[in-house]
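Chemist: Sharing a structure with you now.
The values are calculated or read from the model by the stated rules, or taken from the named source; none is laboratory data. Computed from a prediction, not measured in an experiment: that's the story for all the values here. Please note: Cβ atoms are built from the backbone with ideal geometry, for glycine as well, and neighbour counts cover all protein chains shown. We work out accessible area using only protein heavy atoms, side chains counted, and drop any ligands, DNA or RNA first. Shrake-Rupley method; radii C 1.70, N 1.55, O 1.52, S 1.80 Å.
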Amino acid sequence: MALLTGKLRLLVVAGACLIVAQALGAADAPTENQVQAVFLFNFSRFVEWPPQTFAAPSDPFVIGIVGTDPFGSRLDEAVHNEQINGHALTVRRYRNISELDNCQILFIDRSEIARLGQILSALDHHSTLTVSQADGAAQHGVMIQFATENNRIRLRINVDSARAAGLTISSKLLRPAEIIGADDKVER
């Protein structure tokens, strides 16, 4: 529980740093992409995957990126030497939908919005948390969407999509988020 509280604190501090730094115009302010990279890493702490997610205890916990990688080395640095329930975190970058394999979190860059339906279909029946910063992504079935409002990163969470994938999102992540449900969905 202390680890969970500590990670939640890190998530809140990262977001607060972005807001304060932008307000002060600091030169070393974390970029939106840096804050999103920290969020992406921390999602692994606030989502519960089904027990059958990993075929073997040595399988890595994979954060995948499809499309343009807005994070560069920031995400790799955030997950370096980190583990989730004994699984080493690793980052994989995918060029094609056909390359998508067993990843636990998939970031779908806005450059892939035209293929969003195909990507989500390829992940059907997989317990993969989908995340994007593309406008309207949560309404189209992505589980977590980064939305920037008044220089703040806000989360839009599609709980129906997460539930359909067998994922349980912590109430600590849901509380500050805008919840998108079945009534808000747009057909793909």
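Chemist: For segment 46-86, give me each residue that is at pLDDT below 95 and in a strand (DSSP E or B).
Modeler: Listed by number, the residues that qualify are Gln83, Ile84.
Chemist: How many residues does segment 99-119 contain that are open to solvent by 20 Å² or more (accessible area, probe 1.4 Å) and under 20 Å from Phe54 (Cα atoms)?
Modeler: Matching residues across segment 99-119 total 4.
Chemist: Taking the criterion of being in contact with a helix residue (DSSP H, G or I) (Cβ under 8 Å, 6 or more places away or on another chain) and of a type in the set (Asp, Glu), would at least one residue in segment 91-109 satisfy it?
Modeler: There is no residue in segment 91-109 that is in contact with a helix residue (DSSP H, G or I) (Cβ under 8 Å, 6 or more places away or on another chain) and of a type in the set (Asp, Glu).
Chemist: All but one of (1) modelled with pLDDT of 95 or more; (2) in contact with a helix residue (DSSP H, G or I) (Cβ under 7 Å, 6 or more places away or on another chain) hold for Gly15; state the number of the condition that does not hold.
Modeler: For Gly15, the exception is condition (1).
Chemist: For segment 121-147, which positions are within 16 Å of Cys103 (Cβ to Cβ) and either open to solvent by 20 Å² or more (accessible area, probe 1.4 Å) or among the charged types (D, E, K, R) (or both)?
Modeler: Narrowing segment 121-147 to residues within 16 Å of Cys103 (Cβ to Cβ): 121-132, 142-144.
Within segment 121-147, Ser121, Ala122, Asp124, His125, His126, Ser127 qualify.
Chemist: Checking Tyr94 against (1) in contact with an Asp or Glu (Cβ under 9 Å, 6 or more places away or on another chain); (2) more than 20 Å from Ser44 (Cβ to Cβ); (3) not aliphatic (A, V, I, L, M), which test does it fail?
Modeler: Just one mismatch for Tyr94, condition (2).
Chemist: With respect to the numbered conditions (1) in contact with a Ser or Thr (Cβ under 9 Å, 6 or more places away or on another chain); (2) within 18 Å of Glu48 (Cβ to Cβ), which one is the sole condition not fulfilled by Arg74?
Modeler: Answer for Arg74: the failing condition is (2).
Chemist: Check whether at least one residue in segment 121-143 is in contact with a helix residue (DSSP H, G or I) (Cβ under 6 Å, 6 or more places away or on another chain) and free of Cβ contacts under 8 Å to residues at least 24 places away in the same chain, and report yes or no.
Modeler: Checked segment 121-143: no residue is in contact with a helix residue (DSSP H, G or I) (Cβ under 6 Å, 6 or more places away or on another chain) and free of Cβ contacts under 8 Å to residues at least 24 places away in the same chain.
Chemist: Between Gly117, Gly166, which is within 21 Å of Glu99 (Cβ to Cβ) and in contact (Cβ under 8 Å) with a residue 40 or more places away in the chain?
Modeler: Exactly one of Gly117, Gly166 is within 21 Å of Glu99 (Cβ to Cβ) and in contact (Cβ under 8 Å) with a residue 40 or more places away in the chain, namely Gly117.
Chemist: So which residues in segment 153-164 are part of a helix (DSSP H, G or I) and within 14 Å of the chain's Cα centre (by Cα), if there are any at all? Break it down stepwise before answering.
Modeler: Filtering segment 153-164 down to residues part of a helix (DSSP H, G or I) leaves 159-164.
Passing the criteria: Val159, Ser161, Ala162.
Chemist: Quick check, is Leu167 within 18 Å of Ile65 (Cβ to Cβ) and more than 12 Å from the chain's Cα centre (by Cα)?
Modeler: Considered against the rule, which asks whether it is within 18 Å of Ile65 (Cβ to Cβ) and more than 12 Å from the chain's Cα centre (by Cα), Leu167 comes out as no.
Chemist: In segment 148-158, which residue that is modelled with pLDDT under 95 and not charged (D, E, K, R) is surrounded by the fewest Cβ atoms within 10 Å (Cβ to Cβ)?
Modeler: Asn150
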